[in-house]
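Q: Next up is a structure, given as structure tokens.
Every read-out reported here was derived from the displayed coordinates using simple, explicitly stated rules and does not represent laboratory data. Since the structure is predicted, the reported quantities are computational estimates derived from the model, not experimental observations. We place every Cβ from the backbone using ideal geometry, glycine too, and count neighbours over all the protein chains shown.
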Amino acid sequence: MPESVKGGLVLILFGAPGSGKGTQARLLQEKLQLPHIATGDMLRERMRRADEQGERIRGLLEAGNLVTDDLITEMLAERTAEADCSRGFLLDGYPRTVAQAEWIFQCLAGRGMGWVVIHLKVDYNEIIRRLAGRRTCVRCGPVFHQANQPPVYGSGGELCGKCGTSLIVREDDREGVIRHRLAAYDESTKPVLDWMTAQGVPFREVDGAGQSPEEIAQRIVAGAKFA
Ligand code: ADP
């Protein structure tokens, strides 16, 4: 491991909703032996506690809006302070705003950690096709796609091939909401790319379509240069 990442390595997966950040993080988790920190999953878990904050998060997520920087940053700061993150982690879904980017790079530098930023680039038409066909198993998490990874059909409708639980369409994977999420990406998240360029934070662009997830993961690992 290079000298500069003695404090651990953080791989930041950046990209539009549906660009494959979660899929890549799950594949890379095994290859790199680092925990997968997905802010969307953290929020969905928090929202299942049906208290006031959980309901507020649900309202934002189901409408395709971002949650506030303070809330997500506080959750992330707590999670990444846990022992399993001391060697580094895979970050999926953060930073999504310039304020979040300012926080994370300062935090990692303060902790003596190195980082690699990968921008997964995928065309919006492909994203809409992917997300609108996405099916999620609420129990074991894998995500099925009607076309690429078809579910098992049973008396309960579409079922998870692994545990038999019914599959759901995430509220925010409905077409109107997908468009809203893409608009939020354009407005709040894309500017992070310009910010990184202006700040001299290097990032690598990787084509997130046209190849199998495994091939894309291999390209990410092969080309990773540690900051
Ligand atoms: P996707 O990347 O496909 O949009 P996620 O599961 O990562 O899916 O995120 C789902 C939702 O969670 C987002 O649309 C947003 O509302 C919220 N969210 C996740 N990460 C953040 C973040 N860093 N800042 C603000 N909101 C977030």
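Q: Enter the angle in degrees (range 0 to 90, nearest 10) between the Cα long axis of helix 21-32 and the first principal axis of the Cα atoms of the chain, meaning the one along which they spread out most.
A: Taking the Cα atoms of the chain, the angle to 21-32 is about 60 degrees.
Q: Something else now. With θ taken as phi - 60° and the coefficients 6.51, -1.76 and 1.60, list the Karplus ³J(HN,Hα) couplings across segment 113-130 in order, rounded to whole Hz; mark glycine and proline as x.
A: 9, x, 8, 10, 10, 10, 9, 7, 9, 9, 4, 4, 5, 5, 4, 5, 4, 5
Q: Go through segment 1-93 and name the trypsin sites (Lys or Arg not before Pro) that are in a DSSP coil and have 12 or fewer other Cβ atoms within 10 Å of their Cβ.
A: Within segment 1-93, the qualifying trypsin sites (Lys or Arg not before Pro) (loop, at most 12 other Cβ atoms within 10 Å) are Lys6, Arg49.
Q: Ok, one more. Can you tell me what share of the DSSP beta bridges in the chain is antiparallel? A percent to the nearest 5 is fine.
A: Bridges in the chain are about 35 percent antiparallel.
Q: Taking Cα pairs under 8 Å and at least six residues apart, what relative contact order does the chain come out at, in percent?
A: For the chain, the relative contact order is 31 percent.
Q: If one takes the longest principal axis of the Cα atoms in the chain, at what angle in degrees, from 0 to 90 and to the nearest 10, does the Cα axis of helix 213-223 lie?
A: The helix 213-223 is inclined about 0 degrees to the chain.
Q: Another one. Which residue, Tyr153, Gly88, Tyr185, has the largest displacement toward the positive end of the dipole of the chain when charges sit on each Cβ (Lys, Arg +1; Asp, Glu -1)?
A: The Cα lying farthest towards the positive end belongs to Tyr153.
Q: Could I ask something else about it? Taking the Cα centre of the chain as origin, sum charge times position over the Cβ atoms of Lys and Arg (+1) and Asp and Glu (-1), and report the length of that vector in debye to the nearest 20.
A: 500 debye
Q: Quick check on the chain: helices-only [θ] at 222 nm, where DSSP H runs of length 4 and up contribute -39,500 (n - 2.57) each and the sum goes over total residues. Nearest 500, please.
A: Computed ellipticity for the chain at 222 nm equals -13000 deg cm²/dmol.
Q: To the nearest 10 degrees, how steeply does helix 69-80 sit against the main Cα axis of the chain, on a 0 to 90 scale?
A: For 69-80 against the chain, the angle is about 80 degrees.
Q: Spit out the partnerless Cys residues in the chain, using Cβ distances under 4.7 Å as the pairing rule.
A: That list is Cys85, Cys107, Cys140, Cys163.
Q: If you stretched the chain out fully between Glu205 and Ala83, how much longer would it get, using 0.36 nm times the residue separation minus the C-alpha to C-alpha distance?
A: Difference between extended and current length: 40.9 nm.
Q: Using the alpha carbons of the chain, what is the convex hull volume per residue in cubic angstrom, as a whole number?
A: Cα convex hull per residue, to the nearest whole number: 127 Å³.
Q: Can you tally the lysine pairs in the chain where the Cα-Cα distance is under 26 Å and the two residues are eight or more apart, or on different chains?
A: Number of lysine pairs found: 14.
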